[in-house]
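Structure first, then comments.
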Amino acid sequence: MGSPKGKPRKSGPASAWDEVKYFTPKEFTCKCQGFCDHPSVISMDVVTKLDKIRELIGKPITIVSATRCERYNRKFGGKARSSHVPRDGVSHAADVACLDSAFRFAFLTAAIPMFNRIGIGKDFIHVDDDPELPRNVVWRYGP
């Protein structure tokens, strides 16, 4: 959960995940617990940006939700046209746990130049790079 993986590099073909320092594919996989069999199909741009933010802020980042199957997205209360649900095989969003204002400030300071879609909730921050949705927007969840 947002800490250095500390795994030795594998020999053989390089994977985009080999360059990711703080996260594993499992953190971005659908958490539906049996509704689907999605591998991690998150946009590597999202992962790379979150990895860079983790490096910049020097604090662990916990992924609350990333890739979601349609059924889990409905159960989770996500929008029908959610960036979490893969289209053309790739999802474009992640929600990050945010439990205090100091973390929120540090995370947003680093995320705003990198992501052009950010949603702010009471205890999480949504980031995405969905190319099919309006860009340069920030919104708030809840009352």
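Tabulated data
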quantity	calculated
Debye, to nearest 20: dipole size of region 23-140, +1 on Lys, Arg Cβ, -1 on Asp, Glu Cβ	360
For the chain, built as a Gaussian network whose Cα springs stay under 10 Å, the top-fluctuating residue of 16, 106, 97	16
DSSP-assigned coil residues among trypsin sites (Lys or Arg not before Pro) in region 38-127, each with at most 14 further Cβ atoms within 10 Å	79, 81, 122
C-alpha center-to-center spacing [region 63-92, region 118-143] in angstrom	14
Percent of Cα pairs exceeding the 27 Å cut-off, where the set is the chain	18
Exposure proxy ranking, count of Cβ atoms within 10 Å, fewest first, for 125, 57, 112	112, 57, 125
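The numbers here are math on the coordinates, done by the rules we state, and not lab data. A quick note: this is a predicted structure, and the numbers were derived from the prediction, not measured. We place every Cβ from the backbone using ideal geometry, glycine too, and count neighbours over all the protein chains shown.
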